[in-house]
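The values are calculated or read from the model by the stated rules, or taken from the named source; none is laboratory data. Just so you know, these numbers come straight off a predicted model, no measurement behind them. Heads up, the Cβs are rebuilt from the backbone with ideal geometry, glycines too, and the neighbour counts pull from every protein chain shown. SASA here: full protein model, heavy atoms, side chains in, ligands and nucleic acids out. Shrake-Rupley method; radii C 1.70, N 1.55, O 1.52, S 1.80 Å.
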Amino acid sequence: MSARPVIVVEDDPFLRIVGVALDPDTSPERIAAFADFFAHDLPDFAGWLTRVRANAMAIWPAQVRLVSSAEAFRGNLAQADAAVIESYPLGADELAAAPRLKVVQKFGTITNNIDLAACAARGIPVITLRRRANIACAEHAFALMLMLARKLNRVTGRIS
């Protein structure tokens, strides 16, 4: 059996879905949290995960490494087969540190942080994904506003 592909992902709350969908080592708590968050958009979250995984045969199962800094991103590129980024730089220096890199997914459509010419010279496609808001995001914002309005953050764990 071959090793799982390594996907290095900028640790952004929305990008954590990559690990939920593709990394079997993702905690059940994180999967449940995403299922709750996307409940209106994806009422059958488990079914959605099954379909995503079936369509992602080349990268399921994967080892997803969430990185929380540009330095950690660069430090993980040596083993990366794919990278998913929003703001971290990806230029000639990063590409030199990434001998196995096959594809870059940009969360957003503005690619100013990516050296597209250097990627093209290496034959590495850069795919963009338009950021979209969804019902779950709006509901979460309203829930946070209500929590603050009622000062629930001050009583959490104090009322049984």
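For residue 122, the solvent-accessible surface with a 1.4 Å probe is about 100 Å², rounded to the nearest 10. In order along region 10-26, the Karplus-derived 3J(HN,Hα) couplings, from 6.51 cos²θ - 1.76 cosθ + 1.60 at θ = phi - 60°, round to 4, 6, 10, x, 6, 6, 4, 4, 4, x, 4, 7, 10, 10, x, 8, 5 Hz, and Gly and Pro are given as x. Between the Cα long axis of helix 28-37 and the first principal axis of the chain there is an angle of about 70°, rounded to the nearest 10.
Solvent exposure of the chain, expressed per residue, is 61 Å² of accessible area, with all protein chains present and a 1.4 angstrom probe. Distance between the 7 Å Cα→Cβ label points at residue 68 and residue 103: 2.9 nm. Here residue 64 sits with roughly 20 square angstrom of accessible surface, probe radius 1.4 Å.
Between helix 45-55 and the chain there is an angle of about 10 degrees, using the helix long axis and the longest principal axis of the Cα atoms.
Report, to the nearest whole %, how much of the accessible area of the chain belongs to carbon and sulfur atoms, 1.4 Å probe, protein only.
Details: 5770 of 9760 Å².
Whole-percent figure for carbon plus sulfur exposure: 59.
Modelled spin-label separation between residue 141 and residue 96, with each label point placed 7 Å from Cα along the Cα-to-Cβ direction: 4.3 nm.
To the nearest 500 deg cm²/dmol, what mean residue ellipticity at 222 nm is calculated for the chain from DSSP H runs of n ≥ 4 alone, each contributing -39,500 (n - 2.57), summed and divided by the residues?
Values: 8 runs with 65 residues, N = 160.
Calculated mean residue ellipticity at 222 nm is -11000 deg cm²/dmol.
Between the C-alpha center of region 1-23 and that of region 24-51 there is a gap of 14 Å. Take every Cα pair under 8 Å whose residues are at least 6 apart in sequence, average their separation, divide by the length of region 39-160, and the relative contact order is 20 percent. Measuring r between the beta carbons of residue 55 and residue 155 and using R0 = 30 Å, the FRET efficiency lands at 0.10.
The translational diffusion coefficient of region 1-133, from Stokes-Einstein at 10 °C and 1.306 mPa s with a Kirkwood hydrodynamic radius over alpha carbon pairs, comes to 103 µm²/s.
In the complete set of protein chains, residue-level accessible area for residue 128 is approximately 60 Å², probe 1.4 angstrom. Residue ranking by accessible heavy-atom surface, 1.4 Å probe, largest first, among 38, 14 comes out as 14, 38.
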